[in-house]
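The values are calculated or read from the model by the stated rules, or taken from the named source; none is laboratory data. Bear in mind that the values here come from a model prediction, so they are computed numbers and not experimental data. Every residue, glycine as well, gets a Cβ built from its backbone with ideal geometry; the counts of neighbours run over all protein chains shown. Heads up: the accessible areas ignore ligands, DNA and RNA and are worked out on the full protein's heavy atoms, side chains in. Shrake-Rupley method; radii C 1.70, N 1.55, O 1.52, S 1.80 Å.
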2 protein chains.
Amino acid sequence: VKTLADLGERAAIRRIANILTKAPGSIGIGDDCAAIDIGNDYLLVTTDMIYKKTHIVPQMTPYQMGWFLVAINLSDIAAKGGTPLGLVLSFGFPKKTSASFLTELCMGADACAGTYTTTVVGGDIKEMNEITLCGTAFGIVKKNELMSRFGTKPGDVVAVTGRLGKAGAGYYAIKHHSSQKKLFKVFLEPTPQIKAGKLLAKQHFVTSSMDISDGLSASLYQLQELNNVGFEIQQDFLPLASELKFIMKKKYPIDPYSLALHFGGDYELLVTMPAESIGRAQKILKLNGIDLTTIGIVTKKKNIILLKNNKKNILKNKGYEHFKKHHF
Amino acid sequence: VKTLADLGERAAIRRIANILTKAPGSIGIGDDCAAIDIGNDYLLVTTDMIYKKTHIVPQMTPYQMGWFLVAINLSDIAAKGGTPLGLVLSFGFPKKTSASFLTELCMGADACAGTYTTTVVGGDIKEMNEITLCGTAFGIVKKNELMSRFGTKPGDVVAVTGRLGKAGAGYYAIKHHSSQKKLFKVFLEPTPQIKAGKLLAKQHFVTSSMDISDGLSASLYQLQELNNVGFEIQQDFLPLASELKFIMKKKYPIDPYSLALHFGGDYELLVTMPAESIGRAQKILKLNGIDLTTIGIVTKKKNIILLKNNKKNILKNKGYEHFKKHHF
């Protein structure tokens, strides 16, 4: 093992976790957010860096970059059931960056923060060769309401908020030069599930939770590894995004279910809970205009099965690499 | 005004401050840290991004990069009188980065955090073209103990912790191929003044405080602009670092006072307080092994004067650009 490419991301994260001293009473590496013990509450902190060359599609406007940077960080707070307290942003810009780029970027960041009743409270600006944007969000959650990635139990049901494949449909619309700006928007201006996270956290019945920024299959594989369980997912149960109709209508050589299963960027929540709680959870979210759909069950057997057309197949683990996040 | 280079950093920061919605009860843009109202305390948050090409000298080891990233963020917490709660780090690496680089980087970050009884609680790792490191530190301070950049009053004395010119001496030692590794260390492994900050904050007599990461002159100009005051600094009073003896002995064509005044990277605290409090402040810090040296006074007149050899000159504003931080 010589380079990080040889090591691989998972092993790199394990290496980091082994080196770093653990904070007493705190939860951190391997989850969406770090959770620091501050008495009755956890302070939640999460950070995410994006970089023009590898993480930003050319069609993304500066406003959308600002929105996106704030949204992806708030999504991690949402997954833990937290209430956002604020964000700090670090910007690296080439000298030739236009002043209006900065203005629009800040407007997008401010608009997204404001939508979730929080604010950007500070940051840092530096000269760099390429546009590099680092966001850190912090929030708060009562200790007994924290929803962790750890805790998935065999027999639990698996559910997702909202609809899947929105980002995938948006990506394909852009790739195939569609003029449907609405499709771009769902992809480029994701909506973190702050409300759903808080509502679920208050009920105390969620056994594990994470955001599915990396795609559903990648997220399921992460939960599987962390909790030493397996899943049986019913393809027919997946709540397909209405935006996928575009893909189906145009007959692109891509399976809409494949986008719903593997494409990152939907920023919905993936949660597990005892079967007897799902009805109540769905009712509470429904009252707030949020769908919660059962997509399968947690199994003792440690593989991940996709049931389609009454056939069982191993679900492939292929999150969309371009927007993949690698938390440690 | 077309590009950020036309706009200039100060104007860029003002532009950002004008766009962003302000959080009620919180202090933010223009200070070392954002301070978020969480009841009896402020949550302090600061972020800083470094980038191999422009912010890291080639002689810096991966361990030192990790130390440095943590230290510069903790220094901002120190300047507000805060107690660190933790840090999150975002790393961007090229694929070819060695696995041992990651190990040493994390060891340096962990060692610096541990020295100040805090921990790295999480982060993010991404593939990028160039090594890019973003750190975010968070801490806590009682509301009535927060030391802000705002509050400098005419008649106050101006003081600095520790000694100045350490980083400048280290930089020159590296530049002139010295073999004195001790000199590199003071430059490449700075020591945030957490203890000094906390001790001063508890006394409630500091009227304004900031870290002098950008160099003393740049820091004085920032306080001057924020507080609409002036300064009279006595060159003879400046506490020169013993490391500057190297420069003086070798007779490099550089004035040691110039390094003490203008070179960034010392990470000491610059504070102002009423004249009657300085004796007590010095005594308290001395008991903890920390020097606090009066270097001048705050004036009503809005310029910054350097007194040397009984002559008054306007102090030039020339912080070391390479390591300059641009907070907004």
**Message:** Looking only at Cβ-Cβ distances, which cysteines of chain B have no other cysteine closer than 4.7 Å?
**Reply:** B:Cys33, B:Cys106, B:Cys112
**Item:** Per residue, in Å², the accessible surface of the protein assembly as shown once ligands and nucleic acids are set aside, probe 1.4 Å
**Value:** 38 Å²
**Message:** Can you tell me how region B:213-253 classifies by the Cα gyration tensor, rounded, prolate or oblate, using a/c under 1.5 as the rounded cut?
**Reply:** prolate
**Prompt:** Considering chain A as a Gaussian network with a 10 Å cut-off on Cα pairs, which listed residue, A:Leu69, A:Leu261, A:Leu306, attains the greatest mean-square fluctuation?
**Reply:** A:Leu306
**Request:** Report the Stokes-Einstein translational diffusion coefficient (µm² s⁻¹, integer) for region A:184-234, Rh taken as the Kirkwood radius over Cα pairs, at 25 °C with viscosity 0.890 mPa s.
**Result:** 189 µm²/s
**Item:** Cα radius of gyration and Dmax for region A:185-328 (Å)
**Value:** 15.2, 43
**Mean separation of Cα contacts under 8 Å, 6 or more apart, over the residue count of chain A: relative contact order %** = 22 percent
**Fill in**
Kirkwood Rh over alpha-carbon pairs of the protein assembly as shown plugged into Stokes-Einstein at 25 °C, 0.890 mPa s gives a D in µm²/s of 95 µm²/s
**Asked** So what is the relative contact order of region B:181-328, in percent, for Cα pairs below 8 Å that sit 6 or more residues apart?
**Response** 39 percent
**Fill in**
With one decimal in nm and the nearest listed first, the spacings from B:Asn18 to its own position in the other copies, using label points 7 Å along Cα-to-Cβ, are 5.3
**Prompt:** Using the Cα gyration tensor of region A:39-197, with a ≥ b ≥ c the square roots of its eigenvalues, what is the shape: rounded (a/c below 1.5), prolate (a/b larger than b/c) or oblate (neither)?
**Reply:** oblate
**Fill in**
Test assert for region A:53-67: residues whose accessible surface shrinks by at least 30 Å² between chain alone and all chains, 1.4 Å probe, equal A:His55
**Asked** Expressed as a whole number of Å, what is the distance separating the alpha-carbon centroids of region B:116-145 and region A:77-105?
**Response** 16 Å
**Request:** Enter the per residue convex hull volume of chain A, computed from alpha-carbon coordinates, in Å³ rounded to the nearest integer.
**Result:** 150 Å³
**Fill in**
Among B:Pro192, B:Pro24, B:Pro154, the residue with the largest mean-square fluctuation in a Gaussian network model of chain B built from Cα contacts under 10 Å is B:Pro24
**Request:** Just give me a number: lysine pairs in region B:1-140, eight or more positions apart or cross-chain, with C-alpha atoms less than 20 Å apart.
**Result:** 9
**Item:** FRET efficiency, 1/(1 + (r/R0)^6) with R0 35 Å, evaluated for A:Lys182 and B:Asn129 via beta carbons
**Value:** 0.60
**Asked** Where the accessible area of the protein assembly as shown is counted over protein heavy atoms with a 1.4 Å probe, how much of it, in %, is carbon and sulfur?
**Response** 53 percent
**Asked** Can you give the longest stretch of chain B with no exposed loop site, where a site means trypsin sites (Lys or Arg not before Pro) in a DSSP loop (not H, G, I, E or B) with at most 15 other C-beta atoms within 10 Å?
**Response** B:97-250
**Prompt:** Based only on the alpha carbon positions, what is the Kirkwood hydrodynamic radius of region A:24-81, in angstrom?
**Reply:** 13.0 Å
**Per-copy distances of the B:Lys250 label point, shortest first, in nm (7 angstrom along Cα→Cβ)** = 6.2
**Asked** What is the interface area between chains B and A, defined as buried accessible area summed over both chains with a 1.4 Å probe, reported in Å² to the nearest 100?
**Response** 5800 Å²
**Message:** Kirkwood hydrodynamic radius, computed over distinct alpha-carbon pairs, for region B:277-317: how many Å, to one decimal?
**Reply:** 12.5 Å
**Item:** Selected from B:Gln234, B:Ile247, B:Tyr221, residue furthest toward positive end of dipole (region B:190-267; charges at beta carbon)
**Value:** B:Ile247
**Request:** Give me the orientation-averaged projected area of the Cα convex hull of region B:1-117, in nm², one decimal.
**Result:** 9.7 nm²
**Request:** Give, in nm to one decimal, the length gained when the segment between A:Ser100 and A:Lys202 is fully stretched (0.36 nm per residue of separation minus the Cα-Cα distance).
**Result:** 32.5 nm
**Asked** To the nearest 20 debye, what charge dipole does the protein assembly as shown have about its Cα centre, counting +1 at the Cβ of each Lys and Arg and -1 at the Cβ of each Asp and Glu?
**Response** 780 debye
**Asked** For label points placed 7 Å from Cα toward Cβ, what is the shortest-first list of nm distances from B:Arg280 to its copies?
**Response** 5.7
**Message:** Ignoring everything except DSSP H segments at least 4 long, calculate the 222 nm mean residue ellipticity for chain B; use -39,500 (n - 2.57) per segment, divide by total residues, nearest 500.
**Reply:** -10500 deg cm²/dmol
**Message:** Suppose we keep just the alpha-carbon trace of region B:122-263; what are its Rg and Dmax in angstrom?
**Reply:** 17.8, 52
**Request:** Would you mind working out the magnitude of the charge dipole of region B:232-276 relative to its Cα centre, with +1 at each Lys and Arg C-beta and -1 at each Asp and Glu C-beta, to the nearest 20 Debye?
**Result:** 440 debye
**Request:** Rounded to whole Å and sorted largest first, list the principal axis extents of the Cα atoms in region A:125-184.
**Result:** 44, 36, 18
**Under 13 Å, Cβ to Cβ, from B:Ile19 - net charge with Lys/Arg +1 and Asp/Glu -1** = +1
**Message:** Tell me which of A:Gln59, A:Leu105, A:Ile72 sits at the most positive position along the dipole axis of region A:36-152, charges placed on C-beta atoms (Lys, Arg +1; Asp, Glu -1).
**Reply:** A:Gln59
**Request:** Would you please calculate the Kirkwood hydrodynamic radius of region B:91-159 over all C-alpha pairs and express it in Å, rounded to one decimal?
**Result:** 15.6 Å
**Asked** Picking from B:Met273, B:Met60, B:Met248, which is most flexible by a Gaussian network model of chain B using Cα springs under 10 Å?
**Response** B:Met248
